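Peer 1: The structure's right below; bear with me while I get my questions together.
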Amino acid sequence: MKVNDINHKNFRVRDGDLKDNAELKDGIKLKDLLVTGAKEFGIELNPDEAETFFSYMNFIKTWNNKFNLTAIEDDRDFIIKHFLDSLSILPYIKKFENTENINIDNMSIIDIGTGAGFPAIPLKILLKETNITMLDAVEKKVKFLNACISTLKLRNTWAFHGRAEDYGHDIKHRERYDIAVARAVASMPVLLEYCLPFVKREGIFIAMKGKNTEEVSISQKALEELGGKIQEVREIILPFSDSIRNIIIVKKFRQTPPNYPRKAGKPSKNPLI
Ligand code: SAH
């Protein structure tokens, strides 16, 4: 894998860019979708990596009936909305590597509320040496993740069952990560309370959000209390679609006070707004 510097707004791929859109259902064309889409984010996948993505997709499909892992069943949507969406933050991880001078292989990343492993596992497929931890409150999802780790032979990858509010106080996890990420877990003020406690000072939290960014304007109190500041809000359009996403980068500039996160359930019931 190679990640080039990119400016998301500079180029967009559309269905017409694929050689033969009519055959998208075919495995090879699906691979084109993944490889061409990843290129939009400046990522060059090698054939082994592309193969691993499809093993992961098949693994989710096999477990989906029993474990309710995703509502997306169409392969094309799966690639765009799960894989390419997850990969959209990789350029920001690379940017962090460059500005902070930490080798990406030595970094620790935690994905809070990872579900079936998004964005953690797509990132892991490319970041083979990086330490990646996944946390989810639902035990059966963590069972699935552990099976996935061994089937896909993912190194330096761990899955834990628990709530962010509890793990955030555990000294093995508190302020131990260079980067925390989260997709589709909670509103921004709640997410900040879940995620910032895990981040080292000078580390970042990357929130993956949908179209609307109003939540950012109500996050001031949470940012101030928890020691974060918004560094960048970047709108992107997922390749081969009209789906708008926002990537919000929060820099942690001071330690989070020990009373945060508050006890389980409290951040969502009574957000810091
Ligand atoms: N990030 C995944 C899953 C999103 S669904 C994706 O984008 O596909 C939200 C997930 O967050 C669920 O799996 C839920 O169990 C988990 N979750 C919600 N609140 C949590 C908390 N306080 N601590 C840990 N996990 C939580």
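Peer 1: Taking VAL142 as meeting all but one of (1) in contact with an Asp or Glu (Cβ under 7 Å, 6 or more places away or on another chain); (2) touching a residue at least 24 places away in the same chain (Cβ under 8 Å), write down the number of the exception.
Peer 2: In the conditions (1) in contact with an Asp or Glu (Cβ under 7 Å, 6 or more places away or on another chain); (2) touching a residue at least 24 places away in the same chain (Cβ under 8 Å), VAL142 misses (2) alone.
Peer 1: Has the stretch 213-221 got at least one residue that is crowded, with 22+ Cβ neighbours inside 10 Å, more than 17 Å from the chain's Cα centre (by Cα) and touching a residue at least 60 places away in the same chain (Cβ under 8 Å)?
Peer 2: no
Peer 1: Which residue pairs have Cβ atoms closer than 6 Å, lie 6 or more positions apart in sequence or on different chains, and pair a first residue in the stretch 100-128 that is farther than 30 Å from ALA71 by Cβ with a second residue that is within 16 Å of the ligand (Cβ to nearest atom) and modelled with pLDDT of 95 or more?
Peer 2: Cβ pairs passing all conditions: SER108/TYR177.
Peer 1: Run ILE171 past the list (1) away from the ligand (no atom under 15 Å from the Cβ); (2) crowded, with 22+ Cβ neighbours inside 10 Å and report the number of the one that doesn't hold.
Peer 2: (2)
Peer 1: Please enumerate the residues belonging to the stretch 57-116 that are within 15 Å of the ligand (Cβ to nearest atom), β-branched (Val, Ile, Thr) and open to solvent by 10 Å² or more (accessible area, probe 1.4 Å).
Peer 2: Hits for the stretch 57-116 are THR70, ILE72.
Peer 1: Only residues that are in a strand (DSSP E or B), of a type in the set (A, V, I, L, M) and within 16 Å of the ligand (Cβ to nearest atom): list them for the stretch 245-273, please.
Peer 2: Restricting attention to the stretch 245-273, the residues satisfying the condition of being in a strand (DSSP E or B) are 245-252.
Of the ones still in play, those that are also of a type in the set (A, V, I, L, M) are 247-250.
If the condition is that a residue be in a strand (DSSP E or B), of a type in the set (A, V, I, L, M) and within 16 Å of the ligand (Cβ to nearest atom), then ILE247, ILE248 are the ones that fit.
Peer 1: Let me ask something else about it. Do we find that ASN131 is surrounded by fewer than 24 Cβ atoms within 10 Å (Cβ to Cβ) and either within 16 Å of the ligand (Cβ to nearest atom) or on the phi > 0 side of the Ramachandran plot (or both) in this structure?
Peer 2: It is false that ASN131 is surrounded by fewer than 24 Cβ atoms within 10 Å (Cβ to Cβ) and either within 16 Å of the ligand (Cβ to nearest atom) or on the phi > 0 side of the Ramachandran plot (or both).
Peer 1: From the set of residues in the stretch 35-56 that are touching a residue at least 60 places away in the same chain (Cβ under 8 Å), open to solvent by 10 Å² or more (accessible area, probe 1.4 Å) and under 30 Å from GLN231 (Cα atoms), which is nearest to the ligand (Cβ to nearest atom)?
Peer 2: Among them, the one singled out is LEU45.
Peer 1: Here's a follow-up. Step by step: first the residues of the stretch 178-217, then only those that are in a helix (DSSP H, G or I) and among the aromatic types (Phe, Trp, Tyr), then the one that is nearest to THR133 (Cα to Cα). Which residue is that?
Peer 2: PHE198
Peer 1: Further question: With the requirement that a residue be open to solvent by 70 Å² or more (accessible area, probe 1.4 Å) and part of a loop (DSSP other than H, G, I, E, B), what does the stretch 138-154 give you?
Peer 2: LYS153
The values are calculated or read from the model by the stated rules, or taken from the named source; none is laboratory data. Since the structure is predicted, the reported quantities are computational estimates derived from the model, not experimental observations. We place every Cβ from the backbone using ideal geometry, glycine too, and count neighbours over all the protein chains shown. These area figures cover heavy atoms from the full protein model, side chains too; ligands, DNA and RNA do not enter into them. Shrake-Rupley method; radii C 1.70, N 1.55, O 1.52, S 1.80 Å.
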